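*Asks:* First the structure, which I've put down as structure tokens, then a few questions once you've had a look.
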Amino acid sequence: MRLLQAVPAIFMICLAVGVMAGTAGLNFWDGFTPGARFFPAWLAGAGVLLSLALLLTQWRGTDAGELDLPDKPGALRVLATVAGLVVLALLATQVGMLPALVLFVLYMLLGVLRAPLWPSLLTVLVLAVGIEGIFVRWLAVPLPTATFF
Amino acid sequence: MIDALLQGFAVAFQPGNLMFIFLGVLVGQIVGALPGLGPAAGMALLLPLTFGLEPVTAIMMLAGIMYGGQYGGTLTSVLINVPGEASGVMTAMDGHAMARKGRAGAALSIAAIGSFIAGIGAVAAVAVITPPLASFGLKFNAPEYFLLAALGIIATGSLGQAPIRSLLAGVLGLTIALIGVDPLTGTPRLNFGFPALYQGIDFIPVAIGVFGIAEVLASLERSEKIEPIKTRLKDMWLTAEDWATCRFSILRGGVIGLFVGIMPGAGASVASLLSYLTERRFSKHPERFGNGAIDGVAAAEAANNSAAHGALIPMLSLGIPGSASSAVLLAALILHGIKPGPMLMAQEGALVWGLIASMFLGNVFLLILNLPMAPLFAALLRIPYTYLAPGILVISLVGAYAATLSMGTVWMCIAFGILGWLMMKFDIPRAPLVLALVLAPLMESSLRQSLLLSLGSPMIFIERPIAAVLLVAVLFSLIAPIVRVMRRRDKVKA
Amino acid sequence: MLKLNLGAALVLGLSVAAASAQDMRAPEGPIEFTVGAGAGGTPDVIMRTVAQIMNEEGIVENPIVVQNRSGAGHSNAYNHVLALPGDENTLLTLASPVFTTPIVQGTPSVIDQITPIAGFIQTELMLLTTPDSAWTGLQDMVAAATAAPGTVRVAGGASGGNDHVATGLIETAAGITLTYIPHESGGAARATFLGGNVELHFATLSEGMEQITAGTAKPLAILSAARRTEPGVADIPTAQEQGVDVVYTQFWGVGGPPNLDPAVAAWWADKFRQVTETQRWKDGLAANMQTGNFYALDEAKTYFAAEQETFRTVLTKIGLAK
């Protein structure tokens, strides 16, 4: 449990190291103004300091934050949703944005959330008509369409 | 001047114009309420439709979209915690907290009333004192912007229960903003060779991901049966007590918003942040802020609406757009064959005064449109969350795509959705991240511009009077919390 | 594919019949003008005006949409068009970032890959100073900058943009060093100048005349080859007259995706020429004090290539080229 608590601080320290490494080739000072590396370096420093402070308060038990971990079914649902979103983004450029959205909503309602069939179909219909009407027809946004036709 | 204004009203009251003002604010309301698409994007998308109209009518309608968008943006901030624009972040903080307590209707009502009062006040200021205000705005330049941005970022540390956690989130936001190119010289920085990252990471996918998508993920996770937010009809309306709490918040927010709005470099987001922080500073119950403080919503909304109007002052009197949406308005002027610039008010008096008059009317329309609708919109939350959740996800992603027309934005929304969800799990506040992201480029480039202006001398922050005042405020906000901690220690010892 | 070849063969056959006329073929369906600037930027305004004239005057029947793919120094826009080789329904707006961004980022030149169609509008620049400045001409400024190198400051748009290039050209021609202060937009730079924070600022002729009329700026020079003829502007001497050999104009044009059918490119070039011949377009140019030199196809290619060389030279000199 202790280790999990330390994740944000450790993440920020790694990030700071990454930022320093990633900006290695840039100038810290450039003529008489700070260069491209000036802000990154200060931020990395501040990040490390704050992370250490957070670790210290956690170790002494004066930290006010608390972990809020999901239970197993909850975690699975989140994972399923994220996977759905990724597939949606991949499919959007293949079968078109709108069909991909319809598939995603059906997957979410029927697969992940186990909603009854008819209200789900109604939701899909309302969303599809709304998006087509507002974004495509009215605002003339060129949503991705299918590539293989 | 009164004559000119009356003539302006005569123009605005022509039935055709009246209709297009209404159409404009209605479109603004709708476009503002779509996550991702703000008023600027909406105006750009609908610009071609105005080509057939008289210039005055077209400008009145487009301006209607601009401030109508501010009202519309409130809807998504409060109802689904997705600020459509940077200026909506502060509204989302307390507005969505109110919605979770079943008080969405009250939050929407006070936002509409606050926006209305501040909007009318700002329009009056535009009408009466545009030239002197414009030259006041010019007194703000890089050194002042740097200190304002620094003030904002330091203050984000106070936006949560634990300062360390808030500041850490702020640092994360600033770090994300480093990605792309160095804002001043264009040197590629931290983009790891991905062309998609050259443009840096925009506010829209971060806000949609970290707030909107993360919120949905967290709600989906909570339990098998997702309870709808309880909204009882009697909680929908404003109470006398609400109004008493908010009166002066609206006034203060409106004034702060106007002044920040007329600075060509700072925008509605800085305005709403500053006025929110001011409210909390002077509130008798600062602990309510972040947990559904109605005066926080009122102040933030008043400030962003009056800033949106105030941004017209440098545009009309100097030809300098003070915000993204006033830049589009400026383009519309050019496309309709009108040359913006310092001579605009003298040469196109009828148009400018017609526009000012139209903004009075438009704000009245918006109030009439929003007040009765507030409970209705709030009732949207009575739709079972099961059906709402996929809808929020889908509309957020389409909105994000529409804002940039790039799938890269959609991917970023998903990535930041995961980050936001993790932040919720580890109890790291999310608002500081988003605010820092907005303020970072302003802070970095204005620091470097200041030192270029002064040819390297840091004295520029002391020699300029306004900068000196701001510097004192920055130092105070840095030292005050340390002193407070030390005093608490002393008390413990004693 | 077959259909396309057939079409090309058909056009080829026709061209043999009418040997002198250039092959032209109209694209089918809606057209996208891809603009790398946000709504309200100069390239955006130009392309919206063109689209408006094309559709309203019946020059082009296909519906035209101006699409802002802004950000990343126009690279969102040009990458979008570069990824559509042969596409007949998308045109890229050519503005200086399309040339400079690849040079600054060290990526392959865009202008060498796309199909040049036309360059059709130019804007001359003027150099302004503050109204209460003691300088009366360019040489006063050069003298001040020679006496104290780096103390004369210029407020301009993005790093590597037009204002920066113009600054670099003046530095080279006069042998001086200026301090260039980049801003996120031209408007922000103007605010810095109008606030009296810097000595110099570049403006287009019409913007500059607005400032001069309002008494908020004083002209030092125009960066053109010859003086303008309009009253008021005619009094402003060129930089060359004042012994600083700089001629620099901003220009905009259009190009098609790589491998665009030459017949379609020729058709577009003809349509853009027709637009520039309308009274509406000419009135617009006159009102904004812009010039309308027209270069099409091969001429445009040569013109763009020469401009690219200017950019590369200057950007290398200011140390931005990769």
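The values are calculated or read from the model by the stated rules, or taken from the named source; none is laboratory data. Note that this is a predicted model, so its numbers are computed, not measured. Methodologically, a virtual Cβ is constructed for each residue, glycine included, from the backbone with ideal geometry; neighbour enumeration extends over all protein chains shown.
*Asks:* Could you go through region B:66-79 and let me know if any residue there is over 30 Å from B:Ala346 (Cβ atoms), buried (at least 24 other Cβ atoms within 10 Å of the Cβ) and hydrophobic (A, V, I, L, M, F, W, C).
*Replies:* Yes - at least one qualifying residue is present in region B:66-79.
*Asks:* Then there's this: Given the conditions (1) at the interface with chain B (Cβ under 9 Å from one of its Cβ atoms); (2) within 26 Å of B:Ala218 (Cβ to Cβ), report the number of the one that A:Ala53 does not fulfil.
*Replies:* For A:Ala53, the failing item is (2).
*Asks:* From the list B:Ile176, B:Ile208, B:Ile201, B:Ile154, exactly one residue is under 19 Å from the mean Cα position of the chain (by Cα), touching a residue at least 24 places away in the same chain (Cβ under 8 Å) and closer than 30 Å to C:Leu320 by Cα. Which is it?
*Replies:* Going through B:Ile176, B:Ile208, B:Ile201, B:Ile154 in turn, just one is under 19 Å from the mean Cα position of the chain (by Cα), touching a residue at least 24 places away in the same chain (Cβ under 8 Å) and closer than 30 Å to C:Leu320 by Cα: B:Ile201.
Let's see how each residue does on (1) modelled with pLDDT of 90 or more; (2) at the interface with another protein chain (Cβ under 10 Å from one of its Cβ atoms); (3) under 20 Å from A:Pro8 (Cα atoms); (4) surrounded by fewer than 24 Cβ atoms within 10 Å (Cβ to Cβ):
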| position | (1), (2), (3), (4) |
| --- | --- |
| B:Leu148 | no, no, no, no |
| B:Ser158 | no, no, yes, yes |
| B:Thr175 | yes, yes, yes, no |
| B:Pro188 | no, yes, no, yes |
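*Asks:* From B:Ala440, B:Ala431, which residue is crowded, with 20+ Cβ neighbours inside 10 Å, within 11 Å of another protein chain (Cβ to nearest Cβ) and either within 23 Å of the chain's Cα centre (by Cα) or within 30 Å of A:Pro116 (Cα to Cα) (or both)?
*Replies:* B:Ala440
*Asks:* Outside any loop (DSSP other than H, G, I, E, B) and at the interface with chain B (Cβ under 7 Å from one of its Cβ atoms): which single residue out of A:Ala16, A:Ala92 fits that description?
*Replies:* A:Ala92
*Asks:* May I ask you to list pairs of residues, at least six apart or on different chains, whose Cβ atoms are under 8 Å apart, with the first in region C:302-322 being more than 14 Å from every other protein chain (Cβ to nearest Cβ) and surrounded by 13 or more Cβ atoms within 10 Å (Cβ to Cβ) and the second being polar (S, T, N, Q) and part of a helix (DSSP H, G or I)?
*Replies:* Listed pairs, sorted by first residue: C:Val314/C:Thr172; C:Lys317/C:Thr172.
*Asks:* Oh, and also: Just wondering, is there one or more residues in region C:65-82 that are assigned to a loop (DSSP other than H, G, I, E, B), over 18 Å from the mean Cα position of the chain (by Cα) and either within 13 Å of chain B (Cβ to nearest Cβ) or touching a residue at least 24 places away in the same chain (Cβ under 8 Å) (or both)?
*Replies:* Checking region C:65-82: not a single residue is assigned to a loop (DSSP other than H, G, I, E, B), over 18 Å from the mean Cα position of the chain (by Cα) and either within 13 Å of chain B (Cβ to nearest Cβ) or touching a residue at least 24 places away in the same chain (Cβ under 8 Å) (or both).
*Asks:* Right, here's the next one. Restricted to region B:160-171, and to residues that are within 7 Å of another protein chain (Cβ to nearest Cβ) and part of a helix (DSSP H, G or I), which residue is nearest to A:Gly45 (Cα to Cα)?
*Replies:* B:Val171
*Asks:* In this structure, is B:Leu329 among the hydrophobic types (A, V, I, L, M, F, W, C), at the interface with another protein chain (Cβ under 10 Å from one of its Cβ atoms) and in a helix (DSSP H, G or I)?
*Replies:* The answer is yes for B:Leu329.
*Asks:* Checking the conditions here, which among B:Ala142, B:Ala127 is surrounded by fewer than 24 Cβ atoms within 10 Å (Cβ to Cβ) and aliphatic (A, V, I, L, M)?
*Replies:* B:Ala127
*Asks:* Being modelled with pLDDT of 90 or more, surrounded by fewer than 24 Cβ atoms within 10 Å (Cβ to Cβ), over 21 Å from B:Ile383 (Cα atoms) and more than 14 Å from chain C (Cβ to nearest Cβ): is that true of B:Leu6 here?
*Replies:* The answer is no for B:Leu6.
*Asks:* I need the full set of residues from region B:118-151 which are within 21 Å of the chain's Cα centre (by Cα) and among the charged types (D, E, K, R), in order please.
*Replies:* Residue satisfying the conditions is B:Glu144 alone.
*Asks:* Could you go through region A:79-88 and let me know if any residue there is more than 10 Å from chain B (Cβ to nearest Cβ), without any contact (Cβ under 8 Å) to a residue 40 or more places away in the chain and surrounded by 13 or more Cβ atoms within 10 Å (Cβ to Cβ).
*Replies:* So far as region A:79-88 goes, yes, one or more of its residues are more than 10 Å from chain B (Cβ to nearest Cβ), without any contact (Cβ under 8 Å) to a residue 40 or more places away in the chain and surrounded by 13 or more Cβ atoms within 10 Å (Cβ to Cβ).
*Asks:* If you don't mind, there's one more thing I want to ask. Restricting region A:19-62 to residues that are of a type in the set (Ser, Thr, Tyr) and not in a loop (DSSP other than H, G, I, E, B), which is modelled with the highest pLDDT?
*Replies:* Per the stated criteria, the residue is A:Ser51.
*Asks:* Test of understanding: among C:Leu169, C:Leu127, C:Leu94, C:Leu82, which residue is modelled with pLDDT of 95 or more and either under 28 Å from C:Val45 (Cα atoms) or in contact with a Pro (Cβ under 7 Å, 6 or more places away or on another chain) (or both)?
*Replies:* It is C:Leu127.
*Asks:* Having 3 or more residues that are over 27 Å from B:Ala374 (Cα atoms) is the bar; report the helices (runs of 4 or more DSSP H) wholly within region B:1-74 that clear it.
*Replies:* B:2-12
*Asks:* Sort out which residues of region B:406-428 are surrounded by 20 or more Cβ atoms within 10 Å (Cβ to Cβ), within 7 Å of chain A (Cβ to nearest Cβ) and either under 20 Å from the mean Cα position of the chain (by Cα) or within 22 Å of B:Leu37 (Cβ to Cβ) (or both), and write them in order of number.
*Replies:* Correct list: B:Val410, B:Ile414.
*Asks:* Being without any contact (Cβ under 8 Å) to a residue 60 or more places away in the chain and out of contact with any Ser or Thr (no Cβ under 7 Å at 6 or more places or on another chain) is the filter; apply it to region C:85-111 and report the residue that is nearest to the other protein chains (Cβ to nearest Cβ).
*Replies:* In this case the residue turns out to be C:Thr107.
*Asks:* Okay, next question. Could you list, in sequence order, the residues of region B:299-326 that are more than 11 Å from every other protein chain (Cβ to nearest Cβ) and β-branched (Val, Ile, Thr)?
*Replies:* Scanning region B:299-326 gives a single hit, B:Ile313.
*Asks:* Further question: Has region A:141-148 got any residue that is in a helix (DSSP H, G or I) and either facing another protein chain (nearest Cβ under 8 Å) or in contact (Cβ under 8 Å) with a residue 40 or more places away in the chain (or both)?
*Replies:* Looking for residues that are in a helix (DSSP H, G or I) and either facing another protein chain (nearest Cβ under 8 Å) or in contact (Cβ under 8 Å) with a residue 40 or more places away in the chain (or both), one finds none in region A:141-148, hence no.
*Asks:* Out of everything in region A:99-129 that is more than 7 Å from chain B (Cβ to nearest Cβ) and buried (at least 20 other Cβ atoms within 10 Å of the Cβ), what residue ends up being nearest to B:Leu405 (Cα to Cα)?
*Replies:* Result: A:Ala100.
*Asks:* Going by the conditions given, is C:Glu184 buried (at least 23 other Cβ atoms within 10 Å of the Cβ) and either modelled with pLDDT under 90 or not assigned by TED's automatic domain parsing to the domain that holds C:Val142 (or both)?
*Replies:* Against the criterion (buried (at least 23 other Cβ atoms within 10 Å of the Cβ) and either modelled with pLDDT under 90 or not assigned by TED's automatic domain parsing to the domain that holds C:Val142 (or both)), C:Glu184 does not qualify.
*Asks:* Something else about it: Could you list all residues from region C:29-64 that are at positive phi, more than 7 Å from chain B (Cβ to nearest Cβ) and without any contact (Cβ under 8 Å) to a residue 12 or more places away in the chain?
*Replies:* Selection gives C:Gly58 alone.
*Asks:* What single numbered condition from (1) at pLDDT below 90; (2) farther than 26 Å from C:Val198 by Cα fails to hold for C:Gln211?
*Replies:* All conditions are met except number (2).
*Asks:* What residue, among those in region B:48-65 that are more than 22 Å from the chain's Cα centre (by Cα) and within 12 Å of another protein chain (Cβ to nearest Cβ), is surrounded by the fewest Cβ atoms within 10 Å (Cβ to Cβ)?
*Replies:* If we take residues in region B:48-65 being more than 22 Å from the chain's Cα centre (by Cα) and within 12 Å of another protein chain (Cβ to nearest Cβ), then B:Gly52 is surrounded by the fewest Cβ atoms within 10 Å (Cβ to Cβ).
*Asks:* Oh, and also: Would you check which residues across region B:399-423 are in a helix (DSSP H, G or I) and modelled with pLDDT under 90 and list them?
*Replies:* If the condition is that a residue be in a helix (DSSP H, G or I) and modelled with pLDDT under 90, then B:Gly399, B:Ala400, B:Tyr401, B:Ala402, B:Ala403, B:Thr404, B:Met407, B:Gly408, B:Thr409 are the ones that fit.
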